[in-house]
Number of protein chains: 2
Amino acid sequence: MTTRWLTSEEQRAWRAYIAASRLLEDAIDRQLQQEGGMPHLFYSVLANLSEAPGRRLRMTGLAETLKITRSRLTYAVTRLERDGLVRRENCRQDKRGSFAVLTEEGTAVLERTAPGHVETVRAALFDRLTPEQVEQLGEICTRIARGLQGEDGGAGGAAEDVPWRRRSSPCSGGSPG
Amino acid sequence: MTTRWLTSEEQRAWRAYIAASRLLEDAIDRQLQQEGGMPHLFYSVLANLSEAPGRRLRMTGLAETLKITRSRLTYAVTRLERDGLVRRENCRQDKRGSFAVLTEEGTAVLERTAPGHVETVRAALFDRLTPEQVEQLGEICTRIARGLQGEDGGAGGAAEDVPWRRRSSPCSGGSPG
């Protein structure tokens with residue numbers, strides 16, 4: 001099969017996307033490390049738990065919401081549990097399932113860290129975009145995410161490859177996956 | 001200062017962005033691990049070197065192009081050097097500077113891996129977007145990247161915070177930074 005190389009317009013968009021996503025993740029991680037002592041992913045775990053009924057979520061559902069592998073979530077929750085911000089509970093009905101629960105200390109850390117985080121996201125992203133661009137970004141990203149989750153009825157198989165259904169993830173340059 | 005929380009439209013766009021970027025990085029890393037035995041960042045190092053005159057770039061310039069810290073680049077290049085894909089050369093004029101050079105083996109791995117990588121990017125992203133959306137994505141990401149690099153004349157200080165000028169980066173959940 002002949003490779004369909006990117007056009008110059010696609011190339012430009014792709015490189016801009018890579019640059020923006022790396023710089024954005026760096027800025028967000030940096031603020032959260034400085035003010036909360038944790039990277040973005042850990043913060044996302046706390047934020048998602050805080051919005052759930054009883055501040056608890058099943059690990060499998062949480063991995064799906066965060067779009068990550070279960071092993072990566074387990075690593076994050078283990079660290080957060082060690083710091084007293086999250087507690088794990090076993091599910092009585094289902095031995096395979098377990099829950100992550102936000103502790104009071106986790107809630108306090110989240111409440112203290114959230115304003116700075118939102119300010120960083122706003123300064124890096126929303127303060128620079130027009131309302132039309134915010135809408136475009138949402139539409140574009142929803143389309144990409146749906147496609148990669150096999151929700152758009154496109155080329156089959158994608159849904160099988162989602163991170164949270166996988167046992168282990170590719171090693172990303174030494175990260176725990 | 002009162003926190004300017006995100007509006008529901010901004011919230012929606014932000015969550016879609018996080019989902020899309022995590023799924024995209026996962027899909028890209030997965031293909032590159034399977035076909036090239038390396039994560040996306042390592043591939044980006046090889047790709048950038050392959051386009052440079054003499055297939056060599058100064059480490060500091062390479063970190064800036066990739067939008068990462070020098071310590072993260074050093075880690076990647078050390079691994080690529082160990083696998084014989086990149087070679088390091090010291091700069092005669094400037095003891096502080098050193099170069100990364102793509103080897104013949106690195107070129108071969110890149111040529112073998114590139115078609116599958118481009119196909120993954122195309123299937124995940126460009127095949128799902130209209131030409132207008134590709135243009136919008138490029139425009140949005142360019143604006144975000146410029147802002148985070150302090151190139152838009154906006155709130156000062158951003159340019160000082162870019163990853164490649166920093167000695168060390170925040171620990172991202174156990175990754176080498």
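A few remarks follow.
- Accessible area of A:R143 in the full protein assembly, 1.4 Å probe (Å², nearest 10): 90
- Each Lys and Arg contributes +1 and each Asp and Glu -1, all at the Cβ; summed about the Cα centre of the protein assembly as shown, the dipole is approximately 1260 debye.
- Whole-percent P(r), the protein assembly as shown, all Cα pairs, 20 Å bins from 0: 28, 60, 12, 0.
- Short-range pairs are left out: with C-alpha atoms under 8 Å and at least six residues apart, the relative contact order of chain A is 23 percent.
- For the pair B and A, the buried accessible area comes to roughly 7400 Å² in total, with a 1.4 Å probe and the value rounded to the nearest 100.
- Projecting the Cα atoms of B:T69, B:S98, B:V45 onto the charge dipole of chain B, computed from C-beta unit charges around the Cα centre, puts B:S98 farthest toward the positive end.
- Distances between copies of B:C91, taken at a point 7 Å out from Cα along the Cα→Cβ vector and listed shortest first: 5.5 nm.
- Part-to-part distance (alpha-carbon centres) for region A:68-132 and region B:91-144, which is given in Å: 31
- Counted by Cβ distance under 14 Å from A:T2, the other residues give a net charge of +1, where Lys and Arg count +1 and Asp and Glu count -1.
- Positive-end ranking of A:T130, B:T7, B:T107 along the dipole of the protein assembly as shown, with charges on Cβ about the Cα centre, is headed by B:T107.
- Here each label is just a point 7 Å from Cα along the line to Cβ, and for A:E89 and A:A47 those points are 2.4 nm apart.
- Between A:E111 and A:E81, the simple label model (points 7 Å from Cα in the Cβ direction) yields a spacing of 2.6 nm.
- Tensor-based shape of chain B (alpha-carbon gyration tensor, a/c under 1.5 rounded, otherwise prolate or oblate): oblate
- Heavy-atom accessible surface of the protein assembly as shown: percent carbon and sulfur, 1.4 Å: 47
- 0 to 90° range, to nearest 10: angle between helix A:131-148 axis and chain A longest Cα axis: 80
- Accessible surface of A:M59 - all protein chains present, 1.4 Å probe, nearest 10 Å²: 20
- Plainly put, the tip 7 Å out from Cα toward Cβ on B:E104 is 6.9 nm from that tip on each other copy, the closest given first.
- Neighbouring partner chain Cβ atoms per residue of A:38-45, average, 10 Å criterion: 3
- Computed extension length for A:E151-A:E104: 13.3 nm, one decimal, from 0.36 nm per residue of separation with the Cα-Cα distance subtracted.
- Shielding of B:6-14 by partner chains, average beta-carbon count, 10 Å: 6
- Accessible-area order (highest first, 1.4 angstrom probe) of the listed residues B:T7, B:T69: B:T7, B:T69
- Probe 1.4 Å, protein heavy atoms only - accessible area per residue of chain A in square angstrom: 49
- Exercise: per-residue mean of other protein chain Cβ atoms within 10 Å, A:30-37: 2
The values are calculated or read from the model by the stated rules, or taken from the named source; none is laboratory data. Computed from a predicted model, the values in this text were never measured in an experiment. Backbone-built Cβ (ideal geometry, glycine too); neighbour counts: all protein chains shown. Areas reflect the complete protein model, heavy atoms only, side chains present, ligands, DNA and RNA absent. Shrake-Rupley method; radii C 1.70, N 1.55, O 1.52, S 1.80 Å.
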